[in-house]
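Throughout, read-outs are computed from the coordinates displayed, never taken from laboratory work. Since we're looking at a predicted model, the values are computed, not measured. Ideal geometry is used to build each Cβ from the backbone, glycine not excepted, and the neighbour counts take in all protein chains shown.
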Amino acid sequence: MTKEKLTAHAVILAGGRGTRFWPRSRMRTPKQLLNIVGSKTMLQQTVERLAPIFPADRIWTVTNAEQAAAVKKQLPAAARKHVLAEPVGRNTTAAIALAAFHVRHAAGGDALLAVLPSDHYIANVQRYRKILLAALEIAREPGRIVVLGIPPTRPETGFGYIERMGEPIPGKEFPALPVRRFTEKPELERAKEYAASENYHWNAGMFFWRVSTFLENLKRFLPKTHDALESLRRTLGKPGYEKRLRTIYPKLENISVDYALLEPATRGVAEPRVFVIPADVGWSDIGSWAAVYELLATKPGDNVTAGAVYALDAAGNFLWSPEKFVAAIGVKDLVVVETKDALLICPRDRAQDVGKLVNDLEKIRRKDLL
């Protein structure tokens, strides 16, 4: 039997702010648009990983109106035409749905979708690409949803988990196992149980499905959002599109795709439809300055630096000051990040709290620092 011809499209989610990377990450220059690890930005690295699989004109990037211009500058020319700007943020379900309707329109029918974050790090790119192709092939089956699961390396309370069960789909290069359930961010003791078990994986937010599969689940579990965006279809590529988008988008449900579609898709089904492929690819969500330090440090106690640094009896520090000389004497395990208008100093083990600082800056209306 001849396989149905379906084009494969990548949807990159690039609307986040990356508040834990303040003071470098700001409203118009968020984490994904910065060279956090390496010389290229996180978005550029993401597109580079995908380039051998997806032509540039099949790469779609969903961001917000404030960041759209900066996002376009970092994309290949053909991909700039497929930057979708949300008028307001409405979480991942709405962002993916917006892209799905656009892809269906551009493809003239059904297509395969790979939904991927814009700001993650992958060490083993070749293996990642092979797993990505395997996931697309499994998602070709109507009704199937595929997610990538990261084998946990520690008891992590900051990630959601995927619990697998049963036997893998036979005859596949990479095992694709039925998903029993998605679990929320656990308490530490539960996280220790998950990390010790081979049945749990971190949920890295990488999803694969047909456009039709996604939209069928959207219609079933979030019918208001489905119908609102379906009404937008008549204006795609026409002058009335932007006005219609600004009218309907703020009314969409504000909910993540995990809660809205993936979790309910695993409940009460006779035959598994959601599958996880374990992806040991050297993944990191690079969620804080401390995570950057851990990636770049070559040995325990290393000082990771950018710019001229003098260190005396100093160890385990992350010192980012490309324009000013830094002298570090007798300090350990600090994060120091300097920009033209701000200086961050905090212990490495408090790096997650930088996001709280940004929230407080919003409360006191320091827009100049946001």
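Some observations on this one:
- Placing unit charges on the Cβ atoms only, positive for Lys and Arg and negative for Asp and Glu, gives region 225-280 a dipole magnitude near 540 debye about its Cα centre.
- Cα convex hull volume per residue for region 220-344 (Å³): 233 Å³
- Phi angles across region 267-273 convert, under the Karplus curve 6.51 cos²θ - 1.76 cosθ + 1.60 with θ = phi - 60°, into 3J(HN,Hα) values of 9, x, 10, 6, 10, x, 10 Hz, Gly and Pro given as x.
- Structure-derived percent of Cα pairs over 31 Å apart: which label, when the choices are [x] 35; [y] 38; [z] 51: [y]
- Taking the C-alpha atoms only, the angle from helix 354-363 to the longest principal axis of the chain is near 80 degrees.
- Placed amide H near ARG181: partners under 5 Å, 5+ positions off or other chain: GLU163
- Phi-based couplings in Hz for region 74-88 (Karplus 6.51, -1.76, 1.60; Gly and Pro marked x): 9, 9, x, 3, 5, 7, 5, 5, 10, 8, 9, 9, 6, x, 9
- At most 13 other Cβ within 10 Å, DSSP loop - GluC sites (Glu not before Pro), region 102-194: GLU173, GLU184, GLU187
- Pairs exceeding 19 Å between alpha-carbon atoms, taken from LYS40/LYS299; LYS340/LYS367; LYS31/LYS73; LYS224/LYS251; LYS185/LYS251: LYS40/LYS299; LYS185/LYS251.
- Gap separating the Cα centres of region 242-278 and region 216-232, nearest whole Å: 10 Å
- Using θ = phi - 60° and Karplus 6.51 cos²θ - 1.76 cosθ + 1.60, couplings along region 287-300 (whole Hz; Gly, Pro as x): x, 6, 4, 5, 5, 5, 4, 4, 6, 9, 5, 8, 7, x
- Given their separation in residues at 0.36 nm each and the Cα-Cα distance between them, GLU216 and LYS332 gain 36.4 nm when the chain is fully extended.
- Dipole magnitude of the chain about its Cα centre (Cβ charges: Lys, Arg +1; Asp, Glu -1), debye to nearest 20: 1380 debye
- Straightening the chain between ARG190 and ARG234 buys 11.0 nm, computed as 0.36 nm per residue apart minus the Cα-Cα spacing.
- Straightening the chain between THR153 and GLU66 buys 27.7 nm, computed as 0.36 nm per residue apart minus the Cα-Cα spacing.
- Mean Cβ neighbour count within 10 Å, used as a protection proxy, ranking 351-357, 165-171 highest first: 351-357, 165-171
- Using only alpha-carbon positions in region 1-147, the gyration tensor eigenvalues give semi-axes of 26, 18, 13 Å once each is multiplied by 5 and square-rooted (largest first).
- Inter-probe distance in nm under a simple model that places probes 7 Å from Cα toward Cβ, at ASP57 and ALA107: 1.6 nm
- For region 42-107 and region 124-161, distance of Cα centres in Å: 20 Å
- Region 327-353 residues near the modelled TYR310 label - backbone nitrogen below 14 Å, point 7 Å along Cα→Cβ: 327-330
- Assigned charges on the beta-carbon of Lys, Arg, Asp, Glu; region 60-151 dipole about Cα centre (debye): 240 debye
- If R0 is 45 Å, the Cβ-Cβ spacing of GLU48 and GLU362 corresponds to a FRET efficiency of close to 0.85.
- Residue-averaged 222 nm ellipticity for the chain, from DSSP H runs of 4+ at -39500 (n - 2.57), nearest 500: -8500 deg cm²/dmol
- Zone residues, region 38-74, relative to GLN126, backbone N less than 17 Å from point 7 Å out along Cα-to-Cβ: 49-53
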